[in-house]
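In what follows, a structure is listed as C-alpha cells, so that the remarks can point back to it.
Rule-based calculations on the coordinates, nothing more; no lab input. Here the structure is a predicted model, which is why all the values come from computation and not from measurement. Glycine gets a Cβ as well: all are built from the backbone with ideal geometry, and neighbour counts include every protein chain shown.
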Amino acid sequence: MRRVLVAGNWKMHKTPSEARVWFRELKRLLPGGGSLLDSEVALLPAFPILPYAREVFGEGPVAYGAQDVSAHREGAYTGEVSARMLKDLGCRYAIVGHSERRRYHHETDTLVREKVLRLLEEGLTPILCVGEPLEVRERGEAVPYTLAQLEAALEGVELAGPERLVVAYEPVWAIGTGKNASPEDAEAMHQEIRQALARRYGEEFAARVRVLYGGSVNPKNFADLLSMPNVDGGLVGGASLELESFLALIKLA
Ligand code: PEP
C-alpha cells in the first residue's frame, strides 16, 4: 500500500562535477535505470547540484529534491531559494525541518510550517523531519516532543492527497552518530506519528502517508528497520554518499 522510499540526504557533500559522475553511475547500475525497482529512490543534494540531477534523471523514476526551501515566495531574500525555483528544476521533494537546520539556523516550528506551505503551493512534497534530542528521550518525553513538532508544522495545512506528505522520524541523537534507534523504538514512534496524522487527516488518509526513519541507517541495520510495519523507508545521510552502500540500501528496500 505504501511504496518504500529510500532518500539520500547529501548535506553539504560533493561538488556539482562529482555529483554528475555519481548520478550517471547510479543510473547505469540501477535495474532499468531505476524503472524496474519496487521502491522509490530520491536524491537530495545541495542546491547547485540540482541542475545535474535534472540532466541525468529528468522525469524518470529516480526522484530528486532539495534539502531546504525558503519560507518566502519571492523577493528580496538574499541567499534564499524558492519552491518555485525548485519546481522549475523538476524537484519532487524538499526536506524541511531537518534537525541541523533547526539547530544551526534556529529554525522554529512556525518557520517549518511556512516552508511546508510554500512547497505544497508549488506541488512539491515536503519531507518533514521531526525527532527528539537525547536529553528529551532520557526524560521520557520523546513522544510528546516529536508529536508537538509534527502538529505545529501541519497546523491548518491541507493536503490534496496522502502522497503529498512524507514524514521522517529522525531522533537527533541518531543522526551521524552511528547509533540508530532500535527497530522497536522506531516502530513505536512511527505508530504515534501515524495516529497523530489520523487524528488530523483521518485513518484512511494516514494509512497511506509514508513515514521514514532517519539516523545512522546503513546496509546492516536497514532490513530490520524496514521489517517494522510502520517504517516506510529511510532518510539516509552518510550511507547515501557511497554508491556501494546506497545501492545496498536500495536492494534491501
Ligand atoms: C540525515 O542527515 O538525515 C541522517 C539521517 O544522517 P545519517 O544517516 O548520516 O545519520
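Structural remarks
- So Asp224, is it farther than 20 Å from Thr146 by Cβ and among the charged types (D, E, K, R): yes
- Taken over segment 16-48, the criterion of being of a type in the set (Val, Ile, Thr) and within 22 Å of the chain's Cα centre (by Cα) is satisfied by Val41 alone.
- Evaluation of Lys251 against the conditions (1) within 16 Å of the ligand (Cβ to nearest atom); (2) closer than 14 Å to Val4 by Cβ shows that the sole unmet condition is (1).
- Odd one out for Gly65 among (1) within 14 Å of the ligand (Cβ to nearest atom); (2) without any contact (Cβ under 8 Å) to a residue 60 or more places away in the chain: (2)
- Only one of the numbered conditions (1) crowded, with 23+ Cβ neighbours inside 10 Å; (2) touching a strand residue (DSSP E or B) at 6+ places or on another chain (Cβ under 7 Å) is not met by Glu132, and that is (2).
- Among residues of segment 221-236 being more than 16 Å from Leu247 (Cα to Cα) and in a loop (DSSP other than H, G, I, E, B), the one that is nearest to the ligand (Cβ to nearest atom) is Val231.
- Residue selected from segment 207-220 under the condition in contact with a strand residue (DSSP E or B) (Cβ under 7 Å, 6 or more places away or on another chain) and in a loop (DSSP other than H, G, I, E, B), by the criterion surrounded by the most Cβ atoms within 10 Å (Cβ to Cβ): Val217
- Residue check, Leu243 buried (at least 16 other Cβ atoms within 10 Å of the Cβ) and aliphatic (A, V, I, L, M): no
- Each residue in segment 132-165 was checked for being under 17 Å from the mean Cα position of the chain (by Cα) and small (Gly, Ala, Ser), and 1 of them qualify.
- Cys91 vs. criteria in a loop (DSSP other than H, G, I, E, B) and within 23 Å of Trp10 (Cα to Cα): yes
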